[in-house]
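The values are calculated or read from the model by the stated rules, or taken from the named source; none is laboratory data. Being a predicted model, the structure only gives us computed values, none of them experimental. Using ideal geometry, Cβ is built from the backbone for each residue, glycine included, and neighbour counts are taken over all protein chains shown. Please note that ligands, DNA and RNA were not included when accessible areas were found on the heavy atoms of the full protein model with its side chains. Shrake-Rupley method; radii C 1.70, N 1.55, O 1.52, S 1.80 Å.
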Amino acid sequence: MLSDSEVAELLSFLTPSTRPDVKGQATEYILGLSGNRDGCRFLHSKPDLIAALFALTSDPSIAIVKDCYHIFINLSADETLHQVLVKDVKVLPVLFKNLLDPEYPFSDQICTILSNLTRHEKTCKTLFKVLQEDVGMAQLVQIFCTEGYNKNAKLHYLGPLLSNLTQLPEARNYLMDKDRCVVQRLLPFTQYQSSVVRRGGVIGTLRNCCFDHAHHEWLLSDAVDILPFLLLPLAGPEELTEEENEGLPVDLQYLPEDKKREEDPDIRKMLLETLLLLTATKAGRQTLKEKNVYPIMREFHRWEKDAHVTAACEKLVQVLIGDEPEEGMENLMEVEIPQDVEEKLKEAYAKEQEELEKEEEKRKQAEEEDEKKKKSDSEQTDREQESGLINHTVQVNDSLLKCGCFTYFLL
């Protein structure tokens, strides 16, 4: 790594008055340095260097600003640098100010940085505090829900940012405030086809909100009606009986033949986990059973190939078709589990995940081998067609002779 004298020299290049070409070489070098863990750990001990780089995010040169933002994306991905960025360099007020600007060209990079910074609870709490002081959750949700808010940025990474923020009870409470109608505004994005990042972020947000079982009845009520938004991405074109269709929510009845399911397996798993959370209470279980969720899950299970997603589906189905827990254990989130039983459950879960990983790896290998075989067969057929057209004709004639057609044709 660099010596102290080299760091001092590099720092002298990171000033507004430095020639653009020299600044550009310096930021390009640090960008490379930030691309690996050792480089990030080295920069951790150089807050002056980081502060100088952050000041250059307002440089007149677009190329230099772009390099600086990419550096901060890399730095924010390393948890050990979070406190340096938030406490020492104090990046948050400036980032939020720029995010509010509907013409700021680097808002997508800002969204990625904020998303990285909120992955861990400690920094997430600090960021949420600054957010509430400088912007407010209401404004953030408004920006997220306004397509085209920034003509220079898509802002898809506000989805994961919201998902990360909802690891905090205070963020969840805001989204599920019955007087604000915030969570209802997010629901249509569960089928947002233009971005898997935005779609996944919203579904992650809804899943986190469902950890608060006190809101389950409200979420499933007509006031929110969350169920169709969770089920529709999992539903396919399979034909259900009239009785099964009539028991479903209206939006899931008689789906067209070209209906496609959610293509991302991680998102499918999150949707199933959200549904499973909603079955933690007796009222939730009754609603999912009354709304005829089982046929959707039955067809989904037949279609699904990913081992982890299949396992999540099976857990949900077990609840849907199983008996109700005994009295006093209706709320599964409030059941106290003895320490020794909890340890055994954790061990069983870890073992299950390990087995699922192996199963999924085998499935992927089988798919790859099948794809290679198809490609090989296709190439072989192409070669035969190119070099053996005469033989192909003879084979056709032979088949005609066997059925007598060829003789009849000659007559």
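Considering every residue within the stretch 200-208, establish whether at least one is in contact (Cβ under 8 Å) with a residue 60 or more places away in the chain and not assigned by the TED database to the domain that holds Leu140. No, that holds for no residue. Being open to solvent by less than 80 Å² (accessible area, probe 1.4 Å), among the hydrophobic types (A, V, I, L, M, F, W, C) and modelled with pLDDT under 70 is the filter here; which residues of the stretch 307-336 pass it? Once the filter is applied, which keeps residues that are open to solvent by less than 80 Å² (accessible area, probe 1.4 Å), among the hydrophobic types (A, V, I, L, M, F, W, C) and modelled with pLDDT under 70, the stretch 307-336 yields Met329, Met333, Val335.
The condition of being surrounded by fewer than 21 Cβ atoms within 10 Å (Cβ to Cβ) and hydrophobic (A, V, I, L, M, F, W, C) holds for Ala51. With respect to the stated conditions, Asp67 is in contact with a Ser or Thr (Cβ under 6 Å, 6 or more places away or on another chain), under 23 Å from Thr118 (Cα atoms) and touching a residue at least 12 places away in the same chain (Cβ under 8 Å). Show the residue pairs that are 6+ apart or on different chains and have beta-carbon atoms under 8 Å apart, the first residue being within the stretch 4-24 and in the same structural domain as Pro47 (by the TED database), the second being open to solvent by 80 Å² or more (accessible area, probe 1.4 Å) and in a helix (DSSP H, G or I). Final answer for the pair search is Leu10/Tyr29; Leu11/Asp48; Phe13/Gln25. With respect to (1) part of a loop (DSSP other than H, G, I, E, B); (2) at pLDDT 95 or above, the lone exception for Ala280 is condition (2).
The rows are residues; the columns are (1) modelled with pLDDT of 95 or more; (2) in the same structural domain as Leu114 (by the TED database).
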site	(1), (2)
Glu147	no, yes
Ala153	yes, yes
Leu162	yes, yes
Thr166	yes, yes
Arg185	yes, yes
Leu230	yes, no
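Taken as a whole, the stretch 157-170 holds at least one residue that is crowded, with 21+ Cβ neighbours inside 10 Å and more than 28 Å from Asp222 (Cα to Cα).
Under the condition of being among the hydroxyl-bearing types (Ser, Thr, Tyr) and within 24 Å of the chain's Cα centre (by Cα), the residues counted in the stretch 249-284 number 2.
A single member of Arg207, Arg185, Arg180 is more than 24 Å from Tyr294 (Cα to Cα) and assigned to a helix (DSSP H, G or I), and it is Arg185. Select from the stretch 81-121 the residues that are outside any helix (DSSP H, G or I) and open to solvent by less than 10 Å² (accessible area, probe 1.4 Å) and write down the one among them that is nearest to Pro60 (Cα to Cα). Per the stated criteria, the residue is Val91.
Note on the stretch 266-285: residues that are β-branched (Val, Ile, Thr) and buried (at least 22 other Cβ atoms within 10 Å of the Cβ) total 2. For the stretch 33-46, which positions are assigned to a helix (DSSP H, G or I) and open to solvent by 50 Å² or more (accessible area, probe 1.4 Å)? Those that are assigned to a helix (DSSP H, G or I) and open to solvent by 50 Å² or more (accessible area, probe 1.4 Å): Arg37, Asp38, Arg41, His44.
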